[in-house]
Amino acid sequence: VVHDHWCYLKPPGQDYYHHKHRRSARKLTVPQNYTYSADDYDLGGPVLAKVGGEETMCASLCNGKPGCGGYAYHKGKCYLKPCGQKFYSHKSRKAAKKC
């Protein structure tokens, strides 16, 4: 958050909220241990958890969920999936897997 020429660093996982005269941004990092699908692909398997958020949060959410091997992202939600799943064509989705 930047305000009055000061930069306030915040811990990860914080939500945005309106505060007049302030600007904020998140650091975007792409986890290196994931294989990413092309657009319009999903990841097979049962859903371990469905979590609302930005796509950039999905890998971190998966890393924090025991048994999670990847995720599919669609309409503001991360669908966490187990290891050993394959990508398949599914319109309007994005997916990634680490095992």
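The values are calculated or read from the model by the stated rules, or taken from the named source; none is laboratory data. Keep in mind it's a predicted model, so treat the numbers as computed, not measured. Ideal geometry is used to build each Cβ from the backbone, glycine not excepted, and the neighbour counts take in all protein chains shown.
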Exercise. Hey, does segment 81-91 have a residue that's in contact with an Asp or Glu (Cβ under 6 Å, 6 or more places away or on another chain) and among the charged types (D, E, K, R)?
Worked result: yes
Problem set entry | Count - residues of segment 50-84 that are in contact with a Lys or Arg (Cβ under 7 Å, 6 or more places away or on another chain), part of a strand (DSSP E or B) and within 20 Å of D15 (Cα to Cα) | 7
For this session: Please work out which residue is surrounded by the fewest Cβ atoms within 10 Å (Cβ to Cβ), limiting yourself to segment 71-92 and to residues that are of a type outside the set (A, V, I, L, M, F, W, C) and in contact with a Ser or Thr (Cβ under 8 Å, 6 or more places away or on another chain).
Result: K75
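Residues of segment 26-49 being assigned to a loop (DSSP other than H, G, I, E, B) and at pLDDT 90 or above, which ones?
Step one: filter segment 26-49 for residues assigned to a loop (DSSP other than H, G, I, E, B), giving 26-34, 37-40, 44-48.
Listed by number, the residues that qualify are N33, Y34, S37, A38, D39, D40, G44, G45, P46, V47, L48.
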